[in-house]
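Just so it is clear, none of the values below were taken in a lab; they were calculated from the coordinates. If you're wondering where the values come from, they're calculated on a predicted model, not measured in any experiment. Don't worry about glycine lacking a Cβ; one is built from the backbone with ideal geometry, like all the others, and counts go over all protein chains shown.
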Amino acid sequence: MRYDSIVEAIGNTPLVRIDPAVHGLGHIDLYAKLEMLNPFGSVKDRAAWNMARDRLVTAADGGATVVELSSGNTAKALALLAGLHGLPFKSVTNRMRVPEIKELLLLLGAEIEELPGRSECLDPTDTEDPLTRFHQALAEEGGAYLHTDQYFNPRNTEAHSTGTGPEIVKDLDGRVPDWFIACVGTAGSSTGVARVLREHDPRVGVVGLVADKSDFIPGIRTLDEVHQVGLFDPATYDTIEPVTSDEAIDGMLTLIRRCGLLSGPTGGAAYHGAVRHLRPLDARLTERRTAVFIVCDRAESYLSYVRQRRPELLGRPPRKNSVESLGAEETARLAKETTVEEARRRLSEQAPPLVVDLRGPHAYAALHIEGSVNIPDELFAELVRGGLPFARSRPVLLACPVGERSARYAALLTRMGHPDVRSLAGGVVAWRDSGGPLVRD
Ligand SMILES: Cc1ncc(COP(=O)(O)O)c(C=O)c1O
């Protein structure tokens with residue numbers, strides 16, 4: 001294999017069969033599409049190259065900066081592509097949550113602009129979001145930026161309908177898999193592959209995977225967040241299913257330890273989601289079927305992510321006081337909730353509860369319940385690790401955007417021995433919708 005440029009090595013990734021002894025499906029051949037073997041390390045190499053390729057030469061002539069809203073793999077691929085063309089690259093994000101990736105981007109020469117904002121992905125109807133303002137500014141700047149616009153750019157999807165999808169069909173000797181399973185970030189890869197598979201055979205079952213509510217799997221979105229993505233169309237998927245970070249890590253461990261595939265968490269999520277979806281279907285099958293899932297990237301960039309959630313995997317003591325250590329059943333059993341009406345009544349009493357707002361500082365500054373203190377989620381997680389952060393004698397009311405994260409913390413603090421900690425049901429959104437008073441900093 002001889003190339004004039006590394007970009008020629010993008011695509012044509014292997015399709016590898018998973019040993020049935022590992023997944024346990026009797027009638028289904030399960031294949032992994034190894035997108036982590038793209039030259040810059042992920043599925044996003046294809047999208048980045050397809051979005052930028054026709055514009056890089058003009059951009060170089062005009063001295064433009066390549067810019068993208070990305071805190072991960074797209075930024076990585078674009079930083080390298082920009083460098084190849086002698087251009088600077090700027091990553092704009094409010095989600096730089098995995099330290100290794102931030103450091104890697106700096107090593108690649110990227111400039112990182114971390115903006116406050118509720119979501120990395122743009123919601124064009126939300127004019128208060130700083131990222132939305134940034135997006136508008138980019139559109140007005142004209143030639144100074146080459147903005148690849150991954151959440152809205154159809155060339156992101158096209159990279160997969162012309163590359164990834166046809167490669168899968170070719171490697172299956174012209175057959176379309178019966179199921180295709182992929183995690184949803186920008187939705188580019190799942191939409192592009194699904195489109196081309198359906199053109200060949202409309203009966204293909206397409207499973208989209210998102211991070212479980214209030215959970216975080218780097219690179220993919222939750223069900224609520226995915227609706228803000230311009231390329232996302234619910235009709236692409238026969239079903240959209242959630243995966244927890246724990247399940248993603250379990251899947252990743254299986255791929256690494258049993259299959260020799262050095263997958264990252266979203267590859268693990270895809271494997272876990274695929275087997276979970278297929279198992280009940282497999283039990284009813286009498287003929288052989290085929291399924292394909294995508295392994296998006298590799299494990300090495302996620303060591304701190306694993307350390308935070310499963311320290312015992314990295315030879316450290318297990319973490320006791322963390323919401324990740326609570327199962328769904330335990331959360332449901334221990335989390336006490338307070339309705340907005342009840343909360344308003346309690347707050348007007350003599351000894352009101354301490355209201356802790358777990359949202360980010362910008363959301364808090366914009367509007368919050370009067371008298372509440374702001375301890376953002378990540379800081380709060382650190383605090384509780386050291387033990388109960390409040391006196392047992394003081395009732396506590398936890399508030400987050402929609403009441404999911406706060407419910408998990410309420411369960412955790414109850415387990416840690418606090419006698420009166422509650423979660424605001426429906427969160428600050430329910431409080432606002434019911435006309436509850438909010439103040440601004
Ligand atoms: C690690 C990882 N997995 C999965 C995805 C999802 O891919 P897509 O953006 O095509 O939906 C991404 C996208 O950023 C990613 O970075």
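Can you give me the Cα centroid spacing of the range 59-106 and the range 206-223 in angstrom? Distance between centres, Cα-based: 23 Å. Label sites at Leu438 and Leu15, each approximated as a point 7 angstrom past Cα along Cα to Cβ, lie 4.9 nm apart.
When each of Ser372, Ser214 is scored by the number of other beta-carbon atoms lying within 10 Å, the sequence from fewest to most is Ser214, Ser372. Within the shell defined by Cβ-Cβ distances under 15 Å, the residues around Glu158 carry a net charge of 0, with Lys and Arg each +1 and Asp and Glu each -1.
Near Ser322, once Lys and Arg are set to +1 and Asp and Glu to -1 for all other residues with Cβ below 15 Å from its Cβ, the sum equals +2. With the helix formula -39500 (n - 2.57) applied to DSSP H stretches of n ≥ 4, the chain reaches a computed 222 nm mean residue ellipticity of -11000 deg cm²/dmol.
Taking chymotrypsin sites (Phe, Trp or Tyr not before Pro) across the range 1-54, the ones in a DSSP loop with at most 15 further Cβ atoms lying within 10 angstrom of their Cβ are Tyr3. Around the amide H of Thr222, modelled in the peptide plane, lie the amide H atoms of Ala211, all under 5 Å away and 5 or more residues distant in sequence or on another chain.
When only the Cβ of Lys, Arg, Asp and Glu is charged (+1, +1, -1, -1), the dipole of the chain relative to its Cα centre reaches about 1220 debye. Under 5 Å from the amide H of Glu337 lie the amide H atoms of Ser423, each residue being 5 or more positions distant or on a separate chain, with H modelled from the backbone and absent for Pro and chain starts. Between the amide H of Ile112 and those of Ser91, distances stay under 5 Å, these residues lying 5 or more places away or on another chain, with hydrogens modeled in the peptide plane. In order along the range 374-390, phi translates into HN-Hα couplings of 9, 10, x, 2, 5, 5, 4, 4, 5, 4, 6, 4, x, x, 5, x, 10 Hz, rounded to whole numbers, per the Karplus curve 6.51 cos²θ - 1.76 cosθ + 1.60 with θ = phi - 60° and x for Gly and Pro.
Listing Leu261, Leu314 from fewest to most neighbouring C-beta atoms within 10 Å gives Leu314, Leu261.
List residues of the range 386-403, by number, whose backbone nitrogen lies under 14 Å from a label position 7 Å along Cα→C-beta of Asp377. Hits in the range 386-403 for Asp377 at 14 Å: 399-403. Split the chain at each of the GluC sites (Glu not before Pro) in a DSSP loop with at most 16 other beta carbon atoms within 10 Å, and the longest piece is 129-286. Shown for Lys320, Lys213, Lys44, Lys102: other C-beta atoms within 10 Å of each C-beta, ranked fewest to most, produce the order Lys320, Lys213, Lys102, Lys44. In a shell of Cβ-Cβ distance under 15 Å around Leu107, excluding Leu107 itself, what net charge do Lys and Arg (+1) and Asp and Glu (-1) give? My count for the surroundings of Leu107 gives -2.
Pairs exceeding 24 Å between alpha-carbon atoms, taken from Lys44/Lys170; Lys33/Lys76; Lys213/Lys336; Lys102/Lys320; Lys44/Lys102; Lys44/Lys90: Lys102/Lys320.
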